[in-house]
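What follows draws every value from the coordinates through simple rules; no lab data is involved. These numbers were taken from a predicted model, which means no experiment stands behind them. So basically every Cβ, Gly included, is an ideal-geometry build from the backbone, and we count neighbours across all protein chains shown.
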Amino acid sequence: MNSYQQFIRNFCIIAHIDHGKSTLADRIIENTGLVSQREMKEQFLDNMELERERGITIKLQTTRLVYKAKDGHEYIFNLIDTPGHVDFTYEVSRSLAACEGAVLIVDATQGVEAQTLANVYLALDEDLEILPVINKIDLASARPDEAKQEIEDIIGIDAHDAPLVSAKEGIGIEEVLEAIVARIPAPKGDADGRLKALIFDSYYDNYRGVVVYTRIFDGKIKKGDVIRLMNTRKKYEVTEVGVYAPGPVPTSELSAGEVGYICASIKQVADARVGDTITLDSEPAEEPLPGYKKVQPMVYCGIYPAGTEKYENVKDALEKLQVNDAAFHFEPETSTALGFGFRCGFLGLLHMEIIVERLEREFDLAIITTSPSVIYKVVMNDGREEMIQNPSNLPSPIEIHHIEEPIVKADIMIPKEYVGGIMEICQERRGKMIHMEYITETRVMLHYEMPLNEVIYDFFDALKSKTRGYGSLDYEFIRYEKSNLVKLDILLNKELVDAFSMIVHESKAYYRGRFVCEKLKEIIPMHQFEVPIQAAIGQKVIARETVKAYRKDVIAKCYGGDISRKKKLLEKQKEGKKRMRQFGTVEVPQEAFTAVLKYDDNK
Amino acid sequence: MTTINSGAASAAGRETAIHNDDMTAPRKPLGLYLHIPFCIRKCNYCDFLSFGGVQEEEQKAYFHALAREIRYYGKIYNNKYYVDTIFIGGGTPSLVEEGLIDWLMTAVRESFVVVEDAEISIESNPKTLTDRKLNAYMESGINRISIGVQSFDDGLLNDMGRVHNAEDFFKNYSVARECGFRNINIDLMFAIPGQTLKIWKDTLERAIGLAPEHISFYSLQLEEGTPFFSMFQEGSLKQVDDELDRAMYHTAVGMLSDAGYGHYEISNAAKAGFQCRHNLKYWSMDDSLGLGLGAHSFMDGTRASNVTDLEEYIRAGLAESSRAGREADDMSGSPFIQQRHRNTREDDISEYLFTGLRKIRGIYLPDFQRRFGVSLDTIHGRTLEKYLAGRLLEMQDGWLRFTEKGIDISNTVLAEFV
C-alpha cells in the first residue's frame, strides 16, 4: 500500500428512504468542519430542489472531507452518495464499487427494510465492509436493540457495537467518524500501474462539458493525458482533474485509491457511461473493470406539449435533461389525439415521475404524459419480432402470432400482519409467488415473479397504501414471457383517443376499462352535449359511462356593481379551458392522463 | 330637459343648472350606491358584506363615516355630475331607524345635484319594515322600495334563516302601497333546497297577483363560507339539480312575460317603464359611485372598492375630516378606498361584453364599434361564429344577445370574452 493511501477512506451510506441518509451526511460534513453551519443548506448532498422536497436522493453527489481523528492523523474521507430508489440499482452498484466500505443506516423505529437489503446485497457483492449505524434513537418509538438484533439476524453481520445516532439531533456523530477510520479499510491499488479508473457518475456542466466522477483503482491521471473509455472506445484529452470539497478544486493529478473528477470535453453524459473504465490511450489497461452494463429504459410514455406550449420548447428541455441523464431516452412520435410529441424511456416509474416534474417545474412547461407502457415483444406470424413500446403501434391482431411481456423478480418486504393483503394484491396483478421467508419474527419477505406492466401501473401505490407505508419493494427484470395481452382503447364521443390506449392482460381488460371510464367520467367536465365514454377491445365495447350535458352555468346575481368577483370566476373558467385538450368536440383536462393511472384505495 | 332639485344646488352654493357655472362641459349622469352592512342576522345562503348583531352605537358611527364619504365625493364630483339614480342597499337598510336614512339622503342632496325624477331605491326586509319607516322613506324622497321576501313558503324561509314569514311581507306590501310607493320590487329566489316546481309556481302566482312593478328572481347560489355551503359539504343539504333549477327559471320567465313583465336582465323583469335604472348602469358600464363599506365604484374608467373592515371604515371617516377642503379631482385620495384599478382597454371590452350581455336585449354592435373603435367581429370573430352556430347567441338588427338556451350556460361563452 502506498503511504498516502492509509489515510483515505472511501465509503458510501446505505439507507432506506426516510431513514436519514441525507441528514447523517449533513452531520458528517458539518463535523469534519468542511462547511460551516451557516453555509449548510439543509441536506447538503441532495442538491436538486425536487430531491429535497421528496426527501430522496436521485443524483449522486460526492464530497471529499478532511477529518482529524483521535489518533492525531488527518484522514481524507470520500463520501460517495448513492441514489435511494429501486429504479437506480445499477447506478447504486457502480457507486458502491468505488468504495471500500458502506455505512448502513437502520432506522431504530422501523428496522431493516427490503430496499436497504437490496443495497446491502449489492455492497456485499462488492466486498465492502459494512458499518451499521442505528439512527433516530431520539424518537420515543426507537427500539435500538431490536434494530441491532434484526441486522444480525437478517444480514448476519455483527452489530453489537453499532453507533447509536440521532442525525437530526447531532448525537453520536463522532463515534461514526471514528468507526469509519477504524473499520473501513484504506484503498489499495498500484499508483505506478496502468490506469484503471471507474466512472461512477457524471453530469453536464455548461462550461466544462461532462464532468466525470471517478475512482482511480490503479495508475494516475492528470491534465493533458489522452484517455480512452474502454467500453465505448472513445478517446478524449483531459482538460482538468480535481476533487469536490464540496465545490470543484482542481488538483495536479489523481492517483490510485483517490476519488475525484475529470473533465475532458465530453459532449454528453451518454458518452461517459456509468460503469465504464477510463484508461490511458498510450498505455491502456489490459482488462476493463468488471460490472459494466448499458442501462436500458424499462418504462416508456409519451410526452406532449399541452395547450399552447411549443413543441420546440419541450424538445429543448428533453435534450437538456438527456445530456445529464444517460438512462433517459426520447424520440419524436405523433399521436392523432395529441399531435407531435415524444416517446420517452425511463428506468422505472419514479424516474419517469421525476423527469416529468422537472419538465414542469424547472422548465416551466405545460405537458401531457400518456399512460406508461413497458416494451412488449410481438412475434408476428412470419416469425419476425417487433419490440413495441407504444400501444398505438401494436400491429393488427391478424398479423400477430403471440405477444410476450417483460417479467420481473419482485422482492417485497412487509410486516407480517400485511401478508394476506399483499398476497392478494400480488395475485390480482398476476404475480406468481416463488417463496416466502420470515426474515425476523415480525417481518416477511415475499419473492414474486410479476409482469412489469402490473408493477408500473399502480403496484407501488397499492403496496404503500395497504401496508400504511411500511412495505418496500425491489424489482429486477428477468425474462420475456408469452402472455394473453390485448389492446384496450378508449373512445370519447365515439372517437378513439390513442393517447389513452393501453396494452393489458385479457383478464384485466374489463376491470381496467371500467375503471378508466369511471375516472374519466369524474374528470371530464360537462359539455353542452352528452359525452359517451367507452372502453373497447377492437370493435367490442366492454365498458361505458356518460358525462351528462350541463344545463346550467350562469351567474344569477352581480350585486352593487361588484363585478370583480364574477369576472375572476369567468377568468378562472377561461384558465381551466386553456388546460383542456380538445379531442374532436370533447375537452379533456390534462389531469385525466395521470388520473387514470392512479391507484384508487376504494377499488 | 331634466330639471334638478333646487334644494341640492343651493345647498352646494351653485347655479341651478345642469351646466355648471365655471365649466362648459355638461354634467354627466351618475348612479350612487349606499351600502348599509347591517342585518338582524345573516341568512344561511348569504355571502354579501353584512353583519348581524352590530351595536347601535357602532351603527351610528358608521353612518357618520358614510355621510363624510358622501360629502367627500360631493366636493370632487358635484361640478361634473348630476345624480339620477340612488340605490340604498345592504345588508338590510330597513333595519336602522328611519332618521338615519333621512340623514344620508340629506347629505346626498347637500353634496350632489339630484335630479327631480331620480330613481331612489331602498332595500328592505319584511321583518324590519314598519308604517313609520315607509312613510319616512317617502318623505326622504325615496320612490322605489325593494322587498326581499324570497319565498312565500314559511318552511323554506325558515330553512334559509330568513327572519320573517310570508304574512309579514303581505302586511308590508299593502302598507307600502298605502304610503304611496308606485314602484315596488319583490325579490324572489328559486332553486332553494327543498323547493319544488309547484311551490315555486305558487310563489310566482302570488307575487304576480300583487302586481308589483318589478320582480327579481334569483337562482340560489351556494357560496363558500356560508352555512348552506358547509351543510352541503357535510351532505346534510341537497342542492337542487340543474334540470329543476332551469325548469324553475324558464317557468318564471314564461309566467312573468305572460303577466306583462318584460324580461330585461338575466334575473330581472319589470312592467314597461319600471326597469331598475340604477342596476342598468352596471350593465352598461355607466359611471357609478359606491359609498359605504366594501362598496364598488366605476368612475371615468377606474374601478375602485372600499375597505371591508367595519372599524377601518369608521376610522377612515375620521381621517377624512382632517382633509376637508383638500383639492382633488378623482378618487385617488380617498381614505375609504382599498383597491383601485385603472381599466385597460382589454378590461373595458371584456367587462362591456360580460355585463352588457346580461341584458336580455343584449348589446348593440354599432355602439360597441363606436365605443372601442373596432368591431366585435374583429376581436372575437371565431368565438362569435362558434356560439352563433351553436345557437347560444343570436344576432338581430345589430343587436347581439343570448338565446334562451344560451342564458342557461352563458358563463361558457362569457369566459371566452374575458
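Structural descriptor for chain B: relative contact order 15 percent, calculated from alpha carbon pairs under 8 angstrom and at least 6 residues apart.
Averaging Cα coordinates gives a centre for the range B:113-145 and one for the range A:343-362; these two points are 66 Å apart.
If you wrap the range A:451-572's Cα atoms in a convex hull and average its projection over all directions, what's the area in nm²?
Mean projected area of the Cα convex hull: 12.3 nm².
Each of the peptides B:74-81, B:308-315, A:482-489 was scored by the mean count of other Cβ atoms within 10 Å over its residues; in descending order, highest first, they stand as B:74-81, A:482-489, B:308-315.
Given axes a ≥ b ≥ c from the Cα gyration tensor, I'd like to know whether the range B:163-311 is rounded (a/c under 1.5), prolate (a/b larger than b/c) or oblate. Cα axes put the range B:163-311 in the oblate bin. Within the listed set B:372, B:190, B:274, the residue fluctuating most in the Gaussian network model of chain B (springs between alpha-carbon atoms under 10 angstrom) is B:372.
For chain B, a/c is not less than 1.5, where a ≥ b ≥ c are the root eigenvalues of the C-alpha gyration tensor, and a/b does not top b/c. That puts it in the oblate class.
Put simply, when A:321-329, A:368-376 are sorted by average Cβ atoms within 10 angstrom per residue, most first, you get A:368-376, A:321-329.
Residues B:82, A:470, ranked from the fewest to the most other C-beta atoms within 10 Å, line up as A:470, B:82. Computed over the range B:352-417, the convex hull of the alpha-carbon atoms projects to a mean area of 3.9 nm².
Relative to one another, the C-alpha centroids of the range B:59-86 and the range B:332-351 are positioned 19 Å apart.
For the segment B:405-411, counting C-beta atoms of other chains within 10 Å of every residue's C-beta and taking the mean gives 5.
Between the amide H of residue B:219 and those of B:190, distances stay under 5 Å, these residues lying 5 or more places away or on another chain, with hydrogens modeled in the peptide plane.
Within the P(r) computed for chain A, what percentage of the Cα pairs occupies the region above 36 Å? In whole percent, the long-distance tail amounts to 44. Tell me the relative contact order for chain A as a rounded percent, counting alpha carbon contacts under 8 Å between residues six or more apart. Once divided by the residue count of chain A, the mean separation gives 9 percent. Peptides B:163-176, B:335-348, B:87-100 ranked from most to least packed give B:87-100, B:163-176, B:335-348, packing being the mean of other C-beta atoms within 10 angstrom over each peptide's residues.
Ordering A:94, B:71 by the number of other Cβ atoms within 10 Å of each residue's own Cβ, fewest first, gives B:71, A:94. Under the convention that each Lys and Arg Cβ holds +1 and each Asp and Glu Cβ holds -1, the size of the dipole of chain A around its Cα centre is about 2600 debye.
Annotation: extensible slack from residue B:330 through residue B:154 equals 58.6 nm (criterion: 0.36 nm per residue apart, minus Cα-Cα distance).
Here residue A:222 and residue A:245 are evaluated by their C-beta separation; at R0 = 22 Å the FRET efficiency comes out at 0.75. Legend: mean number of C-beta atoms from other chains within 10 angstrom of residue C-beta atoms, peptide B:241-247, equals 3. In terms of its C-alpha gyration tensor, the range A:504-603 comes out prolate, because a/c is 1.5 or above and the ratio a/b outweighs b/c. Using only side-chain charges placed at the Cβ, +1 for Lys and Arg and -1 for Asp and Glu, the dipole size of the protein assembly as shown relative to its Cα centre rounds to 2620 debye. Taking the charge dipole of the protein assembly as shown about its Cα centre, with +1 at Lys and Arg Cβ atoms and -1 at Asp and Glu Cβ atoms, the residue from B:283, B:233, A:589 reaching farthest to the positive side is B:283. When the listed pairs A:464/A:577; A:21/A:68; A:552/A:574; A:294/A:432; B:75/B:359 are checked against a 24 Å cut-off, the alpha-carbon distance exceeds it for A:464/A:577; A:294/A:432; B:75/B:359. Across the options A:170, A:288, A:202, the greatest Cα extent toward the positive end of the charge dipole of chain A (unit charges at beta carbon of Lys, Arg, Asp, Glu) belongs to A:202. Each Cα pair under 8 Å and six or more residues apart adds its sequence gap; the mean of these over the residue count of the range A:134-277 is a relative contact order of 21 percent. Averaging 1/r across all pairs of distinct Cα atoms in the protein assembly as shown and inverting the result yields a Kirkwood radius of 34.6 Å. What's the center-to-center distance, using Cα atoms, between the range B:269-315 and the range A:460-500 in Å? Between the Cα centre of the range B:269-315 and that of the range A:460-500, the gap is 57 Å. Residue by residue along A:568-577, Cβ atoms of other protein chains within 10 Å of the local Cβ number 4 on average.
With a simple spin-label model that places each label point 7 Å from the Cα along the Cα-to-Cβ direction, the separation between residue B:404 and residue B:383 comes to 2.6 nm.
For the pair residue B:257 and residue B:372, a Förster radius of 30 Å applied to the C-beta separation gives a FRET efficiency near 0.40, rounded to the nearest 0.05. Neighbour counts of C-beta atoms inside 10 Å place B:399, B:103 in the sequence B:399, B:103, starting with the fewest. Treating r as the C-beta distance of residue A:396 and residue A:582 and R0 as 25 Å, the FRET efficiency rounds to 0.30. Under the convention that each Lys and Arg Cβ holds +1 and each Asp and Glu Cβ holds -1, the size of the dipole of chain B around its Cα centre is about 540 debye.
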